[in-house]
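Since the structure comes first, as structure tokens, the remarks are kept for the end.
The values are calculated or read from the model by the stated rules, or taken from the named source; none is laboratory data. Here the structure is a predicted model, which is why all the values come from computation and not from measurement. Neighbour counts are summed over all protein chains in view; Cβ atoms, including those assigned to glycine, are modelled from backbone coordinates with ideal geometry.
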Amino acid sequence: MEFPSARRAVMQLLGTVAPADLPALIQWMRTTRDFDEFTRDNNDIILKNIAEDLRSCLPLETMLSSEHLALQKIQQQPEPTVHVDAFLYDEDFIDSLCEEGKMSRNYCVVCGSHQTAPLGFISHSFSLMELKFIYHHVLPDLSGKVLVDVGSRLGTVLYGGFLYSSALQLYGVELNGDFCQLQEMIIKKYQFTDRIKVLHADICSQGPLLQNADVVIMNNVFEYFLDEAGQARAWEYISHNVKKQGALLVTVPSVEEALSRLQIKIQLSPWVEEVPLNYDAYPEKDIDRDVLEQIHLYKVL
């Protein structure tokens, strides 16, 4: 049905509604999320399809046996914590898994009792909401720009950059070969090869790439995957190589928080300045503002 015919059909249908119920119906039409499936951007649909492809290749916790240190650090958290990849599993998906008994949001404080407490959830990927916030509201127009994702993991930042930005080139640097293979599979399937490149490498070997980058993205990139000495070394390397004046650094958590855990002396004021973000700019409903406020933007001086 074409638009003019569809509009007439809707108006005719509204004409059949009891006058007393019409205001409630119109209010529902203005506020309901039931139409989301019909209005979702095509790029959102592509990313949802990518998430489905990746879910079929990975265990529920989205952690690989080769991630020894990350698994160990999750187990060492003060409260029981599980890894739930925010790109693969949104809140609705988690709810459905809980209903099916495949996942729980709580753990038993005293075995056999009714005392429960919320499980801690961590993710090493941006959610769809976070990707859209970054590319639509945090970063400027990226036409002709080079973006580097440090620790690209599943490649979500790269796919989002391909679909939501005009970046000239998107580079992912990933130390884990298994994740590099997954990214290459997606890049080939969705024909992203002209603008996305994945490097199986230590970021500390990529000086020229970092020096040429216009945008560097770092999402929870070192804490769970390197010991403290390795984290300090990586931050030192990045601070010495991300020097292009005006280049942008997007981090979760803030650089200050990441460095506060380490025995390291990096002076931020001569290197970068933080750019305030408008967390209210994201127009969609049901946003998790606390999650968005973990995203920080810095400009290289």
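Can you spot a residue in the stretch 248-267 that is in a loop (DSSP other than H, G, I, E, B) and without any contact (Cβ under 8 Å) to a residue 24 or more places away in the chain?
The first filter runs over the stretch 248-267 and keeps only residues in a loop (DSSP other than H, G, I, E, B), leaving 253-254, 261-267.
Narrowing further to those that are without any contact (Cβ under 8 Å) to a residue 24 or more places away in the chain: 265, 267.
Yes.
Given the criteria hydrophobic (A, V, I, L, M, F, W, C), assigned to a helix (DSSP H, G or I) and either loosely packed, with under 10 Cβ neighbours inside 10 Å or at pLDDT 80 or above (or both), does L58 qualify?
On the way: hydrophobic (A, V, I, L, M, F, W, C): yes; assigned to a helix (DSSP H, G or I): no; either loosely packed, with under 10 Cβ neighbours inside 10 Å or at pLDDT 80 or above (or both): yes.
Judged against the criteria, L58 is not a match.
Would you check if there is a residue in the stretch 215-232 being without any contact (Cβ under 8 Å) to a residue 60 or more places away in the chain, closer than 23 Å to V300 by Cβ, surrounded by fewer than 17 Cβ atoms within 10 Å (Cβ to Cβ) and aliphatic (A, V, I, L, M)? Walk me through it before giving the result.
In the first step, residues of the stretch 215-232 are kept if they are without any contact (Cβ under 8 Å) to a residue 60 or more places away in the chain; the result is 228-232.
So of that shortlist, the ones also closer than 23 Å to V300 by Cβ come out as 231-232.
Now drop any that are not surrounded by fewer than 17 Cβ atoms within 10 Å (Cβ to Cβ), which leaves none.
For the stretch 215-232, residues without any contact (Cβ under 8 Å) to a residue 60 or more places away in the chain, closer than 23 Å to V300 by Cβ, surrounded by fewer than 17 Cβ atoms within 10 Å (Cβ to Cβ) and aliphatic (A, V, I, L, M): absent.
Can you pull out the strands (runs of 3 or more DSSP E) entirely within the stretch 130-205 that have at least 3 residues that are at pLDDT 95 or above and crowded, with 23+ Cβ neighbours inside 10 Å? Write out each step before concluding.
Numbers: elements: 146-150, 169-174, 196-200.
Of the strands (runs of 3 or more DSSP E) lying wholly inside the stretch 130-205, those with at least 3 residues that are at pLDDT 95 or above and crowded, with 23+ Cβ neighbours inside 10 Å span 146-150, 169-174.
Tell me, which residue of the stretch 1-53 that is of a type in the set (D, E) and under 18 Å from D90 (Cβ atoms) is modelled with the highest pLDDT? Before you say what the answer is, go through the steps one by one.
Restricting attention to the stretch 1-53, the residues satisfying the condition of being of a type in the set (D, E) are 2, 21, 34, 36-37, 41, 44, 52-53.
Subsequent filtering for residues that are under 18 Å from D90 (Cβ atoms) retains 34, 36-37, 41, 44, 52-53.
Values: D34: 70, D36: 56, E37: 60, D41: 79, D44: 92, E52: 93, D53: 96.
Residue satisfying both the conditions and the ranking: D53.
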